1. With a 10 Å Cβ neighbour count serving as the proxy for reagent exposure, in which order, fewest first, do Ile160, Ile104, Ile50 appear?
2. Using a cut-off of 13 Å between beta-carbons, work out the net charge of the residues near Arg22 (Lys and Arg +1, Asp and Glu -1, Arg22 not included).
3. So, by mean Cβ neighbours within 10 angstrom, what's the order for 126-134, 11-19, 68-76 with the highest one leading?
4. With +1 on the Cβ of every Lys and Arg and -1 on the Cβ of every Asp and Glu, and nothing else charged, how large is the dipole of the stretch 49-191 about its Cα centre, in debye rounded to the nearest 20?
5. How big is the stretch 49-191 by Rg and Dmax over its Cα atoms, in Å?
6. How high is the relative contact order of the stretch 49-191, given as a whole-number percent (alpha carbon pairs under 8 Å, six or more residues apart)?
7. Collect residues whose amide H, placed 1.01 Å from N in the peptide plane, falls under 5 Å from the amide H of Arg49; neighbours closer than 5 in sequence don't count.
8. If you rank Asp40, Asp120 by fewest surrounding Cβ atoms within 10 Å, what's the result?
Amino acid sequence: MAKKTKAQADGSGGDAPAGAPRLLQHYVDTVRPALGKALDRTNPHAIPRIEKIVVNMGVGVAVTEKKFLEEAIGALAQVTGQKPVATLSKAAVSGFKLRENLPIGCKVTLRGNRMYEFLDRLVSLALPRVRDFRGLSSTAFDGHGNYSLGLSEQMVFPEINPDKYTRPQGMNITLVTSARTDDEARQLLRAMGVPLKKDEDGGAAA
């Protein structure tokens, strides 16, 4: 049986593969045609898409308490369905007892089906559980079409057992897109269901 091409796997070209995640199917069937029309592009590879999602946990206390890093790695694996890699310190800071190349965090890079499944759980399950949640900032782009957001604790994901992971651990999530501009990326993320506020970029308040 022939292997799937990258375009078939992530929906960047052609139809979504059989058994594709709900959000990937939504992108192929609805989002991509709408964006192509709005941006006047017919080549599916030129239409913005999400390329990868990077989830990072910084665990500063791991300098003295290694068990907290182990807990963070376990929680991140639970949330993303993928084994994290440890992130190492780049410089020594004597005041914080920090040595170079010391494990002080962990991260996961998601692509393909796992990326879409994580994003689906993030927008439909986790974010609505954030206390007093009123939408994400619509300006947190980096100028190159990539968007970053932070969560103060991992407990908003229903996969996390609060009896096992008792220490709140924040995380940073970066959505890397193929968009040429932040405006294109903003259109893409809104169409994918990411709850960006509308009152920050000139639109009506949600």
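1. Numbers: Ile160 18, Ile104 21, Ile50 29.
Fewest to most other Cβ atoms nearby, the residues stand as Ile160, Ile104, Ile50.
2. Net charge around Arg22: -2.
3. Ranking the peptides 126-134, 11-19, 68-76 by packing returns 68-76, 11-19, 126-134.
4. Its charge dipole is roughly 180 debye.
5. 15.9, 47
6. Values: 241 pairs, mean separation 44.2, N = 143.
Reported as a whole number, the value is 31 percent.
7. The answer is Ser178, Ala179.
8. With the fewest neighbours first, Asp40, Asp120 line up as Asp40, Asp120.
Bear in mind that the values in this text are calculations on the coordinates, not laboratory data. It should be emphasised that the depicted structure is a prediction, and the values quoted were computed from it without experimental measurement. Using ideal geometry, Cβ is built from the backbone for each residue, glycine included, and neighbour counts are taken over all protein chains shown.
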